[in-house]
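The values are calculated or read from the model by the stated rules, or taken from the named source; none is laboratory data. All figures in this text were calculated on a predicted structure; none of them were measured in a lab. Here the Cβ positions follow ideal geometry from the backbone for every residue, glycine too, while neighbour counts run over all protein chains shown.
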Amino acid sequence: MFLPDEAATLSAAADWAKRVRAPLSVALHGDLGAGKTTFVRGVLRSLGVQGAIKSPTYALVESYDTAIGEVHHMDAYRIEGRADFESRGGLEYFGGPSVRLVEWPEKLDGIVRFDIHIFLSYDGEGRRMRIVEGSV
Ligand SMILES: Nc1ncnc2c1ncn2[C@@H]1O[C@H](COP(=O)(O)OP(=O)(O)O)[C@@H](O)[C@H]1O
Ligand SMILES: [Mg+2]
């Protein structure tokens, strides 16, 4: 799916969010600037979250109460292996009936299992999005 601008990413995310039910672990793949955080913002807005939605790069996780329950926005960029992830409490977010939206999921290879993979990539001035259900 081609997303010509930021508004297209936000609206694709909002459409996708309508079908989401917890528990769900979502891997958001893509280079820096590919639109992962934009996608999360679109999902959260569509689920009724108002106010600031900040990138969790330093905090690891930002959590939100939404129309469908708890949604955790995780940025795994700085995670260095299982022990590091566990010591930061990362695994605890994957236990309950929440939705987990994870940027840099490659950092959690072999540590957590994802139900859906969303691939975002650059395409000219816009972006391209591909959704793959199931483990890959
Ligand atoms: N479909 C799109 N086309 C063009 N620019 C986009 C698109 N989606 C998002 N952007 C822009 O890309 C930039 C980086 O987005 P961001 O979501 O922070 O990327 P990431 O989290 O993958 O690093 C932002 O300025 C955002 O407005
Ligand atoms: Mg980001």
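Any residue in region 3-24 that is more than 11 Å from ligand 1 (Cβ to nearest atom), of a type outside the set (D, E, K, R) and part of a strand (DSSP E or B)? Let's see the steps before the verdict.
Looking only at region 3-24, we keep the residues that are more than 11 Å from ligand 1 (Cβ to nearest atom), and these are 14-24.
From what's left, of a type outside the set (D, E, K, R): 14, 16-17, 20, 22-24.
Cutting the leftovers down to part of a strand (DSSP E or B) gives us 24.
Checked region 3-24: at least one residue is more than 11 Å from ligand 1 (Cβ to nearest atom), of a type outside the set (D, E, K, R) and part of a strand (DSSP E or B).
A quick yes/no check of all residues on (1) surrounded by 11 or more Cβ atoms within 10 Å (Cβ to Cβ); (2) modelled with pLDDT of 95 or more; (3) within 16 Å of the chain's Cα centre (by Cα); (4) in a loop (DSSP other than H, G, I, E, B):
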site	(1), (2), (3), (4)
Asp84	yes, yes, no, no
Leu91	yes, yes, yes, no
Gly96	yes, no, no, yes
Arg100	yes, yes, yes, no
Lys107	yes, yes, yes, no
Val112	yes, yes, yes, yes
Tyr122	yes, yes, no, no
Ile131	yes, yes, yes, no
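Is there a residue in region 44-62 that is out of contact with any Asp or Glu (no Cβ under 9 Å at 6 or more places or on another chain), crowded, with 20+ Cβ neighbours inside 10 Å and either closer than 20 Å to Ala7 by Cβ or at pLDDT 95 or above (or both)?
Yes; the residues of region 44-62 include at least one that is out of contact with any Asp or Glu (no Cβ under 9 Å at 6 or more places or on another chain), crowded, with 20+ Cβ neighbours inside 10 Å and either closer than 20 Å to Ala7 by Cβ or at pLDDT 95 or above (or both).
Could you list, in sequence order, the residues of region 44-77 that are among the polar types (S, T, N, Q) and either farther than 15 Å from Ala14 by Cβ or within 13 Å of ligand 1 (Cβ to nearest atom) (or both)? Give the steps one after another, and end with the answer.
Step one: list which residues in region 44-77 are among the polar types (S, T, N, Q), which gives 46, 50, 55, 57, 63, 66.
Within region 44-77, Ser55, Thr57, Ser63 qualify.
Determine whether Val40 is part of a helix (DSSP H, G or I), among the aliphatic types (A, V, I, L, M) and closer than 21 Å to Ala22 by Cβ. Quick ask: steps written out before the conclusion?
Values: part of a helix (DSSP H, G or I): yes; among the aliphatic types (A, V, I, L, M): yes; closer than 21 Å to Ala22 by Cβ: yes.
The answer is yes for Val40.
Looking at region 28-43, I want the residues that are touching a residue at least 12 places away in the same chain (Cβ under 8 Å) and within 6 Å of ligand 1 (Cβ to nearest atom) and have a partner that is assigned to a helix (DSSP H, G or I) and hydrophobic (A, V, I, L, M, F, W, C) with Cβ atoms under 7 Å, at least 6 apart or on another chain. Which pairs are those?
Thr38/Leu10
Exactly one condition in (1) out of contact with any His (no Cβ under 8 Å at 6 or more places or on another chain); (2) more than 13 Å from ligand 2 (Cβ to nearest atom); (3) not aromatic (Phe, Trp, Tyr) is not met by Ala76; state its number.
(2)
For region 63-82, what are the residues that are among the hydroxyl-bearing types (Ser, Thr, Tyr) and surrounded by fewer than 17 Cβ atoms within 10 Å (Cβ to Cβ)?
Initial filter on region 63-82 (among the hydroxyl-bearing types (Ser, Thr, Tyr)): 63-64, 66, 77.
If the condition is that a residue be among the hydroxyl-bearing types (Ser, Thr, Tyr) and surrounded by fewer than 17 Cβ atoms within 10 Å (Cβ to Cβ), then Ser63, Tyr77 are the ones that fit.
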